[in-house]
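The values are calculated or read from the model by the stated rules, or taken from the named source; none is laboratory data. Bear in mind the structure is a predicted one, so any value in this text is a computation, not a measurement. Virtual Cβ from ideal backbone geometry, glycine too; neighbours counted across all protein chains shown.
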Amino acid sequence: MARKRRLWMPELYHHIYLRGNNRQNIFKDHTDMQQAFRLLTTIHQSYPLSICSFCIMTNHYHFLLKSETITISKIMNLFNKRYTDYYNQRYQHVGHVFQQRFNSSPIFFPKNLLYVSRYIHQNPIRTNAPMVARMEFYPYSSYQYYKFGSTPPFEFINLEDLPNSFPQKSQKYREYYCEYAEME
């Protein structure tokens, strides 16, 4: 039976997430995390994409991703296939790395973009065994760039679209977002 086509709306961000097969750790160390960023950078060079929020955990990832030129499915197929090839070679693994096809939901409303971004950024502190005491200290999340105002090291990270989701524009948008993101 054919799979249902994914909804792709080029003007919208999509919440994309996927976890390792059997919930196993698939990003085991700093090298694996950096490989994920290298892959996104390489894909971005051929197919421009924009990520306004991300968090890569040990057994899954979340991206708020937008692509105006090519489908989300194409981008994620490239990312997941290339990461699987890397993982299988590095760990002499055979078989599935990811549990299933990636999940994707378009974000239709600005307030939902803020809500989903907060959910993504809270992942490291909301697990059964929190990975860090505070979100801004988790190195594999985009939250640190909002909190500290630092420039992201990757061209595909877009820090402008999320603040534009606030109903009233302000110079203190990062501060407002961080207050919102840190709410219980």
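Among Tyr87, Tyr61, which is the only one that is within 13 Å of the chain's Cα centre (by Cα), surrounded by 14 or more Cβ atoms within 10 Å (Cβ to Cβ) and not aliphatic (A, V, I, L, M)?
When all the criteria are applied, what remains is Tyr61.
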Which residues, taken from region 1-45, are β-branched (Val, Ile, Thr) and out of contact with any Leu (no Cβ under 9 Å at 6 or more places or on another chain)?
Ile26, Thr31, Thr41
The helices (runs of 4 or more DSSP H) lying entirely within region 79-183 that contain at least 1 residues which are farther than 21 Å from His15 by Cα are 143-148, 173-181
For residues that are surrounded by fewer than 17 Cβ atoms within 10 Å (Cβ to Cβ), over 15 Å from Cys178 (Cα atoms) and either without any contact (Cβ under 8 Å) to a residue 40 or more places away in the chain or touching a Phe, Trp or Tyr at 6+ places or on another chain (Cβ under 6 Å) (or both), tally how many sit in region 100-130.
7
Hey, can you tell me all the residues within region 1-52 that are among the acidic types (Asp, Glu) and modelled with pLDDT under 95?
Glu11
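I'm trying to understand the selection: among the residues of region 31-65, which are of a type in the set (A, V, I, L, M, F, W, C) and either in a helix (DSSP H, G or I) or free of Cβ contacts under 8 Å to residues at least 24 places away in the same chain (or both)?
Of the residues in region 31-65, the ones of a type in the set (A, V, I, L, M, F, W, C) are 33, 36-37, 39-40, 43, 49, 51-52, 54-57, 63-65.
Matches in region 31-65: Met33, Ala36, Phe37, Leu39, Leu40, Ile43.
Can you tell me which residue within region 4-46, out of those that are aromatic (Phe, Trp, Tyr) and within 25 Å of Pro106 (Cβ to Cβ), is surrounded by the most Cβ atoms within 10 Å (Cβ to Cβ)? So that I can check it myself, show each step before the final result.
Filtering region 4-46 down to residues aromatic (Phe, Trp, Tyr) leaves 8, 13, 17, 27, 37.
Narrowing the set further to residues that are within 25 Å of Pro106 (Cβ to Cβ) leaves 8, 13, 17, 37.
Numbers: Trp8: 16, Tyr13: 28, Tyr17: 19, Phe37: 16.
Across region 4-46, the extreme among qualifying residues is Tyr13.
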For His96, the lone unmet condition from (1) out of contact with any helix residue (DSSP H, G or I) (no Cβ under 8 Å at 6 or more places or on another chain); (2) over 19 Å from Ile72 (Cβ atoms); (3) not charged (D, E, K, R) is (1)
